[in-house]
1. So how compact is region 83-241: Cα radius of gyration and Dmax in angstrom?
2. For the residues PHE218, PHE238, PHE59, what sequence is obtained by ranking on other C-beta atoms within 10 Å, fewest first?
3. Could you line up SER98, SER88 from fewest to most neighbouring Cβ atoms inside 10 Å?
4. Between ASP209 and LYS254, what is the label-to-label distance in nm when each label sits 7 Å out along the Cα-to-Cβ direction?
5. What ranking do CYS103, CYS195 get, fewest neighbouring Cβ atoms within 10 angstrom at the top?
6. For region 65-141, what relative contact order do you get, as a whole percent, if you take Cα pairs closer than 8 Å and at least 6 residues apart?
7. Taking only the C-alpha atoms, wrap a convex hull around region 132-213 and report its volume per residue in Å³ as a whole number.
8. What percent does the relative contact order of region 118-232 come to when contacts are Cα pairs within less than 8 Å and at least six residues apart?
Amino acid sequence: MCLVNAGILLKKSPGNDSIGPIDSIISIAERDNNRIALGNRNNRTNRINRINRINQTMFTGIIEALGVVRKVEKDRSNVHFTIESPISGELRVDQSMSHNGVCLTVVETGTQHHVVTAVEETLRRTNLGAWQTGTLVNLERCLPIGGRLDGHMVQGHVDTLATCVEVLETGGSWRFTFRYLPTPEHLLVDKGSVCLNGVSLTVVEPRDDLFSVAIIPFTWEHTNFRTLAPGDTVNIEFDIIGKYIARYLAAYPKA
C-alpha cells in the first residue's frame, strides 16, 4: 500500500497500517514521466516543459554518435527538431540526451529518428537556433549510475557561445582557437576541462578572450568538429567545479 506524502510515494510495510521503515521511495516526478509519455505528438510541447522541470542528468562529454537534422518545425516560440541517428531507435520518450552539449528531452521516437523540442531561451543561448536540415549534431545519452566517467562532469547547461577564429592542421591533428566573453564565472585554466558542442576537451593556452583546444583524428572523425570553420559558433559549458569555486569566493571573499 502506498501513501502520497510531501511529494513522494511512501510504501507501507506489509501488515502495517502506519508508515514505519520506508521500503521504497518513488519520485512522483518519475511517475508523471510515465503518464505524460502517453500523450500524442500534439501535446509534446506541454510534455517537454513538464519534463525539463523534473529531469536531473549528467553527461561526460564523450560523444556516442553523430545525428543529422532531418526536419525543423516551428511551433510558436518553440522549435521541434527531427534527428536521424544510429542510436535513435534505442531511445525512449522522456529520456534526456545531450545535443551539441544541450540537455534536451526526447519527445518522440522512431526506428531511425527521434524528436526534441528547444524552447525560446535555449534557442537564444545556444547555437541550436542556427540548425537547419543537414546539420550534424553531437549526441550523448546521460551517464548511468555506476557508469564510467571518461570525460569530465558535464550538466548539459550551456553557459555561453564561443566563436571559432582559427583552425590549424598540426601534423595529423587540429588546433582550434575560439573567442569568447570572459567573466569571473567563466573560468578557463591551462590543461583544465571545457565542454564544446558537447565534447569534453582540454584547454590549451587560455589568454584574455581566446583559448585553444587540440582535436585528435578520432575526435575529428566522430564529432561535428570536422565541419567547423572560422566564424562558426559552438556551445560552451565551463567546468562545474570551477564555477562553484568562483561562486563561493564571490559570496565569501574573506573565506
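All of the numbers you see were taken from the coordinates with simple rules; none came from a lab. Keep in mind it's a predicted model, so treat the numbers as computed, not measured. So basically every Cβ, Gly included, is an ideal-geometry build from the backbone, and we count neighbours across all protein chains shown.
1. For region 83-241, the Cα radius of gyration and maximum Cα-Cα distance read 15.6, 47 Å.
2. PHE218, PHE238, PHE59
3. SER88, SER98
4. Placing both labels 7 Å beyond Cα along the Cβ direction yields 3.6 nm.
5. CYS103, CYS195
6. 39 percent
7. In region 132-213, the Cα convex hull volume per residue is 146 Å³.
8. With pairs under 8 Å counted, the relative contact order is 25 percent.
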